[in-house]
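Peer 1: Pasting a structure below so you can have a look.
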Amino acid sequence: MVDRQVLMDAVEGSIFTLPDIPGVITVLEIPGIAAMHGPIPSPELNTAGMARLTSETVDGTIAQVQHVFRELNKVCGWWVTPNSRPEDLAEHLEQAGYGPVEYGAGMVLTDLDRPIATNPRIRVERSSPAELAAAAPMVTRSYGLPAEAGDSLVQFMTGVSEHADVGLYLGYVGDSREPVAWSVSLYLPGVPIVVLQGAGTLPEQRGQGMYSTMVARRLKDARDRGMEAAVIQANRNTSAPIAEKLGFREILPLTLYAWDPADGS
């Protein structure tokens, strides 16, 4: 069985296990935190986290991060969990102009054999980077990003697939060859854990079991690879209630704070 602390670290820090990838991910070397930025205009991916700071270093580190993203002219995020240090990190972030924008649940499933109901009309297939790139308009619309962000989003995911151990998936309804959903699995190095890293379904196709069917396929593939646990960073308002019904349990609350340099703070 995977140790609880290992699971918590996987939930909190999975995105920060990605390497520096030219044109896709730039890892920022700032002591006491993990941080990165990329081409997608999202605080989830232009972000900091894993803070292990002190009351003496926290404000200076926040200012250093803000300086970087001010130069980049990008909104930046900061993930806060009960493991973040100092314990009053959220107060320091708010004093620096950050505000909460997303409340999440770090969730884990340790029984990968658990039966999950699927929709037999839905097909979930492994995707190549080229197939995912061809589906860029769908991916962008399902994720709620502006159309002009589509190329950057697909560039990010395909770039990651070439440098990290990931599985790309597309979902279809019936015999159609037009995908209506996508998802990504990330296999962490050195531990038997798969991260259900991202997923999206076109708005008009939601409520038909696509999310559950996607999860079931990714868990099967992970089980076949010898994984012992799956973790997910779930939005409390959308995916978390579904994940709970599928057997995932919360192990760590997550709050995403964001700061926009355009606000002038």
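Laboratory data are not the source of any read-out in this text; all were calculated from the coordinates shown. This is a predicted model, so every value here is computed, not measured. In this analysis, Cβ positions are derived from the backbone assuming ideal geometry, glycine residues included, and neighbour counts consider all displayed protein chains.
Peer 1: Note down the magnitude of the dipole of the chain about its Cα centre, charges +1 on Lys and Arg C-beta and -1 on Asp and Glu C-beta and zero elsewhere, to the nearest 20 debye.
Peer 2: Here the size comes out at about 980 debye.
Peer 1: Nothing charged except the Cβ atoms of Lys and Arg (+1) and of Asp and Glu (-1): what's the magnitude of the dipole of the range 122-227 about its Cα centre? Round to the nearest 20 debye.
Peer 2: 400
Peer 1: Right, next: Taking springs between alpha-carbon atoms closer than 10 angstrom, which of VAL194, VAL68, VAL166 fluctuates most in the Gaussian network model of the chain?
Peer 2: VAL68
Peer 1: Also, I was wondering about something else. Which residue, chosen from ASN46, GLY207, MET107, occupies the Cα position most advanced towards the positive end of the dipole of the chain, where the dipole is computed from +1 (Lys, Arg) and -1 (Asp, Glu) charges on Cβ about the Cα centre?
Peer 2: GLY207
Peer 1: Eigenvalues of the Cα gyration tensor times 5, then square-rooted: what semi-axes does that give for the range 26-81, in whole angstrom, largest first?
Peer 2: 18, 12, 9
Peer 1: Right, something else. Would you give the gap between the C-alpha center of the range 203-265 and the C-alpha center of the range 60-124, rounded to a whole Å?
Peer 2: 12
Peer 1: Taking just the C-alpha trace of the range 122-227, give me its Rg and Dmax in Å.
Peer 2: Cα-based Rg and Dmax for the range 122-227 come out at 13.3, 39 Å.
Peer 1: Assuming R0 = 41 Å, what is the FRET efficiency of ASN119 and GLN5, from their Cβ-Cβ distance, to the nearest 0.05?
Peer 2: Efficiency computed from Cβ-Cβ geometry: 0.70.
Peer 1: Taking each pair of distinct Cα atoms in the chain once, what is the resulting Kirkwood hydrodynamic radius in Å?
Peer 2: Across the chain, the inverse of the average 1/r is 19.0 Å.
Peer 1: Using only alpha carbon pairs under 8 Å that are at least six residues apart, calculate the relative contact order of the chain and give it in whole percent.
Peer 2: 28
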